[in-house]
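Below: the structure, in structure tokens.
None of the figures in this text is laboratory data; all of them are computed from the coordinates on show. A quick note: this is a predicted structure, and the numbers were derived from the prediction, not measured. When we count neighbours, we look across all protein chains shown, and the Cβ atoms used for this are built from the backbone with ideal geometry, even at glycine.
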Amino acid sequence: MQGYNTIVVFNARVDRMLMCKRRKNPYKGLSNFVGGKIEENENGQDAAYRELEEETAITRNDIILSHLMNFTYPLDNCYLEVYVGKLNKSVEVFGDENELYWSALDRNFFDVTQYAGEGNIGHIMMHVAMHRQELLK
């Protein structure tokens with residue numbers, strides 16, 4: 001079963017969230033969290049830090065990630081690990097895979113015409129809000 005991760009990154013003030021506009025399918029043109037594949041024999045958290053640095057230049061020194069939840073898709077033979085973190089300082093993000101931008105938090109993340117994941121982004125954000133105290137210290 002192939003593993004993937006997605007990473008919810010908040011700025012240091014926790015008033016913006018890092019998103020990307022996808023340049024390729026699936027979800028081409030839609031906004032999404034950053035993330036990618038978990039390599040064979042790689043643990044999930046290490047994969048999340050690796051993907052985060054590859055796609056945004058954010059390093060382990062800039063953020064502490066917490067494992068929030070997993071989604072399993074047996075019919076697609078894959079699973080998704082969700083990580084959340086807050087930057088400990090202002091960081092310039094850059095990458096060439098997708099267009100990166102800082103989103104306001106008051107959006108309708110369930111809007112599938114704007115956001116990838118069939119409503120998963122909204123679901124994830126609801127769980128982030130439920131666990132905000134322990135996740136975003």
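Overview of values
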read-out: Rounded Å value of the spacing that divides the Cα centres of the range 75-137 and the range 2-60; value: 9 Å
read-out: Eligible lysines near LYS89 by straight Cα distance, threshold 19 Å, same-chain separation 8 or greater; value: LYS137
read-out: For the chain: relative contact order, % (alpha-carbon pairs under 8 angstrom, 6 or more apart); value: 31 percent
read-out: Length released on extending from THR113 to ASN77, taking residue separation times 0.36 nm less the Cα-Cα span; value: 10.4 nm
read-out: Trypsin sites (Lys or Arg not before Pro) within the range 15-95: DSSP coil, no more than 15 neighbouring Cβ in 10 Å; value: ARG23, LYS24, LYS28, ARG60, LYS89
read-out: Charge tally in the Cβ shell below 14 Å around GLY44, where Lys, Arg are +1 and Asp, Glu are -1, GLY44 excluded; value: -4
read-out: Separation in nanometres of the label points that stand 7 Å from Cα toward Cβ, at GLU39 and LYS21; value: 3.1 nm
read-out: Chain lengthening between SER90 and LYS137 when straightened (0.36 nm per residue, less Cα-Cα); value: 15.3 nm
read-out: Two-decimal Rg to Rh for the chain - Kirkwood Rh, Cα set; value: 0.92
read-out: Cβ-defined net charge surrounding ILE63, 15 Å radius [Lys, Arg +1; Asp, Glu -1]; value: 0
read-out: Under DSSP loop assignment and at most 14 Cβ neighbours within 10 Å, longest GluC sites (Glu not before Pro)-free interval of the chain; value: 43-91
read-out: MRE, 222 nm, helices only [DSSP H, n ≥ 4, -39500 (n - 2.57), over the chain, to nearest 500]; value: -6000 deg cm²/dmol
read-out: Label point distance in nm, THR59-TRP102, each placed 7 Å from Cα along Cα→Cβ; value: 2.1 nm
